[in-house]
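The values are calculated or read from the model by the stated rules, or taken from the named source; none is laboratory data. Just so you know, these numbers come straight off a predicted model, no measurement behind them. Counting neighbours? That spans all protein chains shown, and the Cβs are built from the backbone with ideal geometry, glycine included.
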Protein chains: 2
Amino acid sequence: MLICGIDPGIGRCGYALVELTDGNVKVLSYGCLETPSLLSTAERLYVLHQRLQEVLACGAEVLALEALFFNKNARTAVNVAQARGVVLLAAAERGIPVAEYTPPEVKQAVVGYGRAEKRQVQEMLRRSFGLPDLPKPDDAADALAVALCHAQVARFTERTRQGGEKPV
Amino acid sequence: MLICGIDPGIGRCGYALVELTDGNVKVLSYGCLETPSLLSTAERLYVLHQRLQEVLACGAEVLALEALFFNKNARTAVNVAQARGVVLLAAAERGIPVAEYTPPEVKQAVVGYGRAEKRQVQEMLRRSFGLPDLPKPDDAADALAVALCHAQVARFTERTRQGGEKPV
């Protein structure tokens, strides 16, 4: 299963492509889709949409992203939500299902503790994917985290399903 | 100049097509683009995007919409901002410039008073466009209002420009 994790943003949108095969996870690529700050918001969303289409075209089967909560800077929140709308659209255009996880769910799945620090999450990502260093920048690391979260959930679901099918 | 006013929303997105010719405004059509509530958010954004493309395909030269402020229900705000992202994308895809106005600017332009009531705005829309009744529903009326606001601004700009060119 090819999972695409996304951390939406208009200036910098984190993405991660993670393959789950026979219970093993492998990172194929991760990084940031950036849009020039000189462009208008609409133009930046246009660039983002094109980049997202390129990322999803690699055969992503599911898109995982964090549920959005508004509590901080309202202006940033509007920009993130607008970018998120374009991310969801890009998934729907390819008929890819979307899985959403709250930040504590992501931390719980990655670190085993729902209130883990950012650094702990990054260290666990490094180990899980066998990366030489902590994944950077933060947006890319967040995308990796939500992709790994979905992989863990899919792995668990698969195991439970297999268990249920066993003869007793 | 063909102006498309939009009041973004995921369940119901208001739109209005207004023609400004020689200082006169005429409404060509207005209404709501609705998306089935049984669909997922991503699927609803997909349907909305398609409907928007149809509306803009009529030759809209500018897209006018209200600037977004977050102060009420955060969940609604996320949904509106996500839909707004898709609206901005649709404009950029057609190379149509986007004009944003704050709610007081819209009221000021339509009624001449930045703190006008919704009913006053609708009554002024009815008169300005020669409609038989108050425009309904609210989302469509809001789209008409922001389109009329842009028409007023464009009219004023045009007049000022012409005035500036006059020999003194």
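Just a few scattered comments:
- Once region A:88-105 is narrowed to residues that are aliphatic (A, V, I, L, M) and touching a His at 6+ places or on another chain (Cβ under 9 Å), the residue that is surrounded by the fewest Cβ atoms within 10 Å (Cβ to Cβ) is A:A99.
- Put simply, of B:A81, B:A74 the only residue that is buried (at least 17 other Cβ atoms within 10 Å of the Cβ) and hydrophobic (A, V, I, L, M, F, W, C) is B:A81.
- Cβ-Cβ under 8 Å pairs, at least 6 apart or on other chains, region B:36-53 side of a type in the set (A, V, I, L, M), far side surrounded by fewer than 13 Cβ atoms within 10 Å (Cβ to Cβ): B:V47/B:P36
- Test: residue in region B:53-63 that is among the acidic types (D, E), within 20 Å of A:R44 (Cα to Cα), at the interface with chain A (Cβ under 10 Å from one of its Cβ atoms) and not in a helix (DSSP H, G or I): no
- Given (1) touching a helix residue (DSSP H, G or I) at 6+ places or on another chain (Cβ under 6 Å); (2) surrounded by fewer than 16 Cβ atoms within 10 Å (Cβ to Cβ); (3) in a strand (DSSP E or B), number of the condition A:K26 does not satisfy: (1)
- Residues being under 14 Å from B:D142 (Cα atoms) and free of Cβ contacts under 8 Å to residues at least 60 places away in the same chain - total across region B:1-35: 2
- Total residues in region B:86-101, condition assigned to a helix (DSSP H, G or I) and at the interface with chain A (Cβ under 7 Å from one of its Cβ atoms): 6
- Any hit, region B:55-70, residues being without any contact (Cβ under 8 Å) to a residue 12 or more places away in the chain, crowded, with 19+ Cβ neighbours inside 10 Å and more than 12 Å from the chain's Cα centre (by Cα): no
- Test: A:A141 is in contact with a Leu (Cβ under 8 Å, 6 or more places away or on another chain), crowded, with 17+ Cβ neighbours inside 10 Å, part of a helix (DSSP H, G or I) and at pLDDT below 95: no
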